[in-house]
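Have a look at the structure below, then the notes.
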There are 2 protein chains.
Amino acid sequence: MIHELEILHRLLPTLAMRADVALGPGDDCAAVEIGGDRLLLLAVDQLVGDVHYFAGRTAAAAAGAKLLKRNLSDIAAMGGTPAWALLVLAVDGRDADWIVGFCRGAADAAEAVGVALCGGDLAATPAGSGVEVGSLTILGTVGRDRIVRRQGAKPGDALFVTGEFGNSLASGHHLDFTPRLAEGRFLAENGFASAMLDVSDGLLLDARRLADASQVHLTLDPAATPRRAGAEVPGALGDGEDYELLFAVPAARAAELERDWPAAFARLTRVGAVEAGAPGVFDPAGENLQTKYRGGYEH
Amino acid sequence: MIHELEILHRLLPTLAMRADVALGPGDDCAAVEIGGDRLLLLAVDQLVGDVHYFAGRTAAAAAGAKLLKRNLSDIAAMGGTPAWALLVLAVDGRDADWIVGFCRGAADAAEAVGVALCGGDLAATPAGSGVEVGSLTILGTVGRDRIVRRQGAKPGDALFVTGEFGNSLASGHHLDFTPRLAEGRFLAENGFASAMLDVSDGLLLDARRLADASQVHLTLDPAATPRRAGAEVPGALGDGEDYELLFAVPAARAAELERDWPAAFARLTRVGAVEAGAPGVFDPAGENLQTKYRGGYEH
């Protein structure tokens, strides 16, 4: 048990920020001022063997690529463009081929989106532990007046998602996904999204985070939520590792968005609406979906 | 065994950089263009329980502070000013107090030098493993024409160090050290240092890295090397975890440096000279010090 909520609750209010920190902890990325009209986006994420991939079975390159792509998804959620990355790896009992394979997997996924892997560190975990932990820091940029946060959804907005949900592990999607960078940038640059996040811990849990950050009541229709092959409704709402975008769009622009959404993009689906009321996620009949479908993948 | 040299040798030449990467892997920090006259410095370092601190004995806050300060030492070595940090931690079997303590230790050490801890991630290592790995990304800035690298030392330069060396573990210095930020900035801003790095893996090993990067022969006088209390010559040359600066200074400016060195700074000592010749580290009699004192702390 890592008591994440308790820890964040105790820690975050005590952190001293600087005047140049435009956005501190609590969103998909932090954002800091670097002069000019663009903010620097920063995010970091970890990948633990036998937690986030099968240490004995997943190809090293696929694990490394997953680590990079998880971080790209965080940049996508802010409407940003990724630029640079730093990779660290702590391993025990892996040969040079495996380690090089892991790093190359991350480097190839980075190169595919124009990101330079420009630093890192390699360490050993205690001998015999067999534990391996990778961590990647992604940096990117976004226009100061284009950044999209988790807060900002307004009553009356429509709620959309990219892609499909559920059955990520069995389908291999958890390794094979495409971060929604183009989609996130399109939404930000055209001012469509009033709030956005990436769905990695299950649609309901992440929807709740958007509801909390924006202080709104979300209506989400489980029947309208697109499901990945093999996924039932509970899995689509709670499985996690979807790496899709969930975002709110002012109602007056929803039809324009649906009309202008490029055909090459991931599927776009309107799944609900933003309403005034206590933060939470409810079905169209008013039932609390977090009570109905317990779950969500906290790791 | 993590085969670090083989891995770097296979991996680094294959990494695709971007035009805005001013300095890629291989120095204490990477540096990237962000517009304007300052470069963004990036570094990441890890701290593994029972490798870099005693998991059962070191106070959580001291371990967290060490992780932050190790990274500050990398910024110091480039002559930079640290600004922002991201912290990740993967643990097993730690309670919320320990985790908050670790993060607060890092946050307090950050605040002490004006750095904002503005993001992070918390994960679990496999249950029962007891393995804990922390990782911290530091970001800072440095003037484009002020950055100091490992390469750049020229035959004729004098070789200097800050502080003292050896016996870091038993003396507690490995937790208690002060990163040489003011000293590094002074050297860079006044153009004293032609090359510099932070000594964390043992003076000889790090001196060899400077010699390799600058393609020079270094003469280093073991008798002139300042020793921490309790350290003998072999320990001063090889123990590691000193977190001091090693740097080359054009001979014409060495006396000026010694005269202008602020009294509040760490002790300044001239320990040798830079000469033309095959890269390596030799004593004044011409003996290869790496052959004479095997060691250096690779982790």
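Restricting B:Leu5, B:Leu41 to those that are more than 8 Å from every other protein chain (Cβ to nearest Cβ) and either assigned to a strand (DSSP E or B) or closer than 16 Å to B:Asp145 by Cβ (or both) reduces the list to B:Leu41. Filtered by the rule that a residue be more than 8 Å from chain A (Cβ to nearest Cβ) and touching a helix residue (DSSP H, G or I) at 6+ places or on another chain (Cβ under 6 Å), the range B:44-62 gives B:Leu47, B:Tyr53, B:Ala60, B:Ala61, B:Ala62. Yes or no: the range B:272-280 includes at least one residue that is under 21 Å from B:Gly79 (Cα atoms) and touching a Lys or Arg at 6+ places or on another chain (Cβ under 8 Å). So far as the range B:272-280 goes, yes, one or more of its residues are under 21 Å from B:Gly79 (Cα atoms) and touching a Lys or Arg at 6+ places or on another chain (Cβ under 8 Å). Quick check: anything in the range B:214-235 among the charged types (D, E, K, R), more than 23 Å from B:Ser73 (Cβ to Cβ), surrounded by fewer than 18 Cβ atoms within 10 Å (Cβ to Cβ) and touching a residue at least 60 places away in the same chain (Cβ under 8 Å)? Yes - at least one qualifying residue is present in the range B:214-235.
A Cβ distance below 7 Å, combined with a sequence gap of six or more or placement on separate chains, defines the contacts here; from the range A:43-60, residues that are of a type in the set (Asp, Glu) reach residues that are in a loop (DSSP other than H, G, I, E, B) in the pairs A:Asp50/B:Pro126.
What do you reckon, is A:Phe186 over 14 Å from the mean Cα position of the chain (by Cα), more than 14 Å from chain B (Cβ to nearest Cβ) and either of a type outside the set (A, V, I, L, M) or surrounded by fewer than 23 Cβ atoms within 10 Å (Cβ to Cβ) (or both)? It is true that A:Phe186 is over 14 Å from the mean Cα position of the chain (by Cα), more than 14 Å from chain B (Cβ to nearest Cβ) and either of a type outside the set (A, V, I, L, M) or surrounded by fewer than 23 Cβ atoms within 10 Å (Cβ to Cβ) (or both).
A single member of A:Ala106, A:Ala123, A:Ala116, A:Ala90 is surrounded by 18 or more Cβ atoms within 10 Å (Cβ to Cβ) and touching a His at 6+ places or on another chain (Cβ under 7 Å), and it is A:Ala123. Flag set for A:Val142, criterion: buried (at least 23 other Cβ atoms within 10 Å of the Cβ), within 14 Å of chain B (Cβ to nearest Cβ), touching a Ser or Thr at 6+ places or on another chain (Cβ under 9 Å) and at pLDDT 95 or above. One residue stands out in the range B:195-213 among those that are part of a loop (DSSP other than H, G, I, E, B) and crowded, with 22+ Cβ neighbours inside 10 Å: the one that is nearest to the chain's Cα centre (by Cα), namely B:Ser200. If the condition is being more than 16 Å from B:Arg180 (Cβ to Cβ) and β-branched (Val, Ile, Thr), then the range B:256-278 contributes only B:Val274. Out of curiosity, is A:Gly172 more than 14 Å from every other protein chain (Cβ to nearest Cβ), at positive phi and without any contact (Cβ under 8 Å) to a residue 40 or more places away in the chain? Considered against the rule, which asks whether it is more than 14 Å from every other protein chain (Cβ to nearest Cβ), at positive phi and without any contact (Cβ under 8 Å) to a residue 40 or more places away in the chain, A:Gly172 comes out as yes.
The values are calculated or read from the model by the stated rules, or taken from the named source; none is laboratory data. Since the model is a prediction, treat every value here as computed from it, not as a measurement. All Cβ positions, glycine included, derive from the backbone under ideal geometry; neighbour counts span all protein chains shown.
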